[in-house]
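*Asks:* Take this structure, written in structure tokens, and hold onto it; I'll ask about it next.
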Amino acid sequence: MDGEKFYEFLKKTYTKNGQPIYGNFTFRDWLYIKKDDTFSFRFNIINNNPKSIRKDIIVAAWNSEITVNDDWLEKNFSLSFHNDCRLHILKFLINKHRGIKTSP
């Protein structure tokens, strides 16, 4: 499966607000991004505002042949999720659905 198919798989898999992801993280919704005409994966964090991960990042991370980390985000998207749960959720989703056992 390529990154586009993985993104579509996530859209079909995560559909209900409150659906568990792992730990205290739950799915919220797919946030529409008008300028890109895409949807970002948005999730809830207990006692915090929701966070989201853009489609282009999800697709590129799945297609990446290296482990996705903060350096990869900075190099490919000029942004950093350093010490941010979005990086952990992204890695968790990729590893979970590639069948790789992972811990948060």
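Read-outs: derived from the displayed coordinates by stated rules, not from any lab. Everything quoted here is computed from the prediction, not taken from an experiment. For neighbour counting, all protein chains shown are included, and Cβ atoms are generated from backbone atoms with ideal geometry for every residue, glycine included.
*Asks:* Could you pull out the residue among Ile53, Ile66, Ile58, Ile45 that is more than 23 Å from Gly99 (Cα to Cα) and among the hydrophobic types (A, V, I, L, M, F, W, C)?
*Replies:* Ile45
*Asks:* Got a number for residues in the stretch 24-48 being within 21 Å of Lys91 (Cβ to Cβ) and over 15 Å from the mean Cα position of the chain (by Cα)?
*Replies:* Summing the residues that are within 21 Å of Lys91 (Cβ to Cβ) and over 15 Å from the mean Cα position of the chain (by Cα) in the stretch 24-48 gives 3.
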